[in-house]
Amino acid sequence: MQISVAKIYKFFISKKAVLLCGPAAQVSITKSMAKLIDQSRHVLTLPLIHTIVRSKKAKTEQRTARAYLCGSNQREDVVQLKDLDGDLTLATHTSQKGLKDFKTVTSGQCLPRINRSIGRFNHTTADSAISFILSPYNVCYTSWGTKTIIVDGVARGFPLVMRKISRTHMYENYVKSATVKIPKDKQLKRSSFFNLVSALTHCDAKLRKAVDYVTGFLINDNFAVIYRLIDAYCDPGEEKRKLLREVDAAHRYLKYGFHGDKDDCIAHRVSFGLGGEDAPVDATETCSNCRHLFYIFQFLNECIIKSTAPQHSALTALDCCLKKVQLFMGHRLRVLNQQTAIRKMHTKMERNCLRNGFSNECVLLIDYKMKFEPVYFREKTVDHYGKIGKSWHGSMITFYTCVCVDGVQTPVPKNSTWTMKLKMKASKM
């Protein structure tokens, strides 16, 4: 409409100018009217250019404005408007993408989302680090909860993975294990490793405390008693501070470093830890960490005996602490033995699934827990309900199905989890 009005103005002005100024006025009128027509043609183009310049890169509003700009104008015409806005750049590749977006929008479709990533990394290094982080020695899987991870710009829910050890200890073990396989210059650095651990795993102190009550009863409460014994029976000074540091190291080792390994230490062997009293022992060696742990108890026992304070109750408490430590080490071996048995079941199901094309069996895990809280004075039934005996608080069914991945039949585990809020006493189980 504005172009038609400009042509009408041009007709009347040119006629009047020729009558007054002669034929020479026609040249200047033609140039001025051409400029007016160009400006009227770009009434919508200029705001689009300002929108493109001011918007963030690859945002929807910028792509929409660029699509209309490239679809309604030639690239050469748009480039000539660079004098009006010096920040405007429109390369050939960008113009082609704008035309593609214009065709997408005009066909009634939505613009596809662009996932940009500027991170560069070695896939082999990252894959080896992920495999190490998700090993059974570092993490455990709960029968409830999920963790949302952004994969290729899409939020996906994964099973909740709990860390068994801290990120610091995990990184130390990673450096030791990766030294042989991967050169040091190609290993993940500390900050990158920590970020990867935080993205893959979960560590909620309250949740872990509620679930891992065995550690709280056999380790945390147990070492709290040991610290009180040290305060009561050791004189202040450098020797006491050194003993406290040694106890802290033993505390961390039991919580984060003690696992069942295939080495010469009998304390780490499932056959020894879960064997009977008459089970033959083929070796009596212990690792340095285990020797250090029992040395602390022996040293503290001698400190109590040399003290002039009452000794009977302190020695009894120290002996109970030692038994709880041994019980916890046996508990860790029992967990390892349990995980080994479950892993064998999963391996068998994978083989059957590949052979038959489907899984005709499943594994049902029901997790029971025992509360160790004693009955306290004038307690109410409601306060202590469900805390005496066993309670069923989680279960999981796992089976396998075959899925074609890149033309190869691959067994994929399927998990179904649920929890039961109704707590049952041991007499009703």
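The values are calculated or read from the model by the stated rules, or taken from the named source; none is laboratory data. On a predicted model such as this, the values are computed, not experimentally measured, just so you know. Here the Cβ positions follow ideal geometry from the backbone for every residue, glycine too, while neighbour counts run over all protein chains shown.
A few points about this structure:
- Extreme residue, surrounded by the most Cβ atoms within 10 Å (Cβ to Cβ), among residues of region 196-246 that are in a loop (DSSP other than H, G, I, E, B) and modelled with pLDDT of 80 or more: Thr201
- Residues (touching a residue at least 40 places away in the same chain (Cβ under 8 Å) and part of a helix (DSSP H, G or I)) located in region 157-172: His169
- Members of region 337-389 found to be of a type in the set (A, V, I, L, M, F, W, C), part of a helix (DSSP H, G or I) and modelled with pLDDT of 80 or more, listed by number: Ala341, Ile342, Met345, Met349, Cys353, Leu354
- Residues within region 175-186 that are at pLDDT 80 or above and surrounded by 11 or more Cβ atoms within 10 Å (Cβ to Cβ), tallied: 1
- Here region 138-173 is the region considered, the condition is being aromatic (Phe, Trp, Tyr) and at pLDDT below 70, and the residue that is nearest to Leu254 (Cα to Cα) is Tyr141.
- Condition met for Ser135 (modelled with pLDDT of 75 or more and more than 30 Å from Phe258 (Cβ to Cβ)): no
- Pairs meeting the criteria (first residue in region 130-148 and more than 20 Å from Asn337 (Cα to Cα), second residue at pLDDT below 65 and of a type in the set (A, V, I, L, M), beta carbons under 9 Å, at least 6 apart or on different chains) are Phe132/Ala178; Gly145/Leu207.
- Count of residues meeting criterion [modelled with pLDDT under 75 and either on the phi > 0 side of the Ramachandran plot or not aliphatic (A, V, I, L, M) (or both)] in region 113-132: 8
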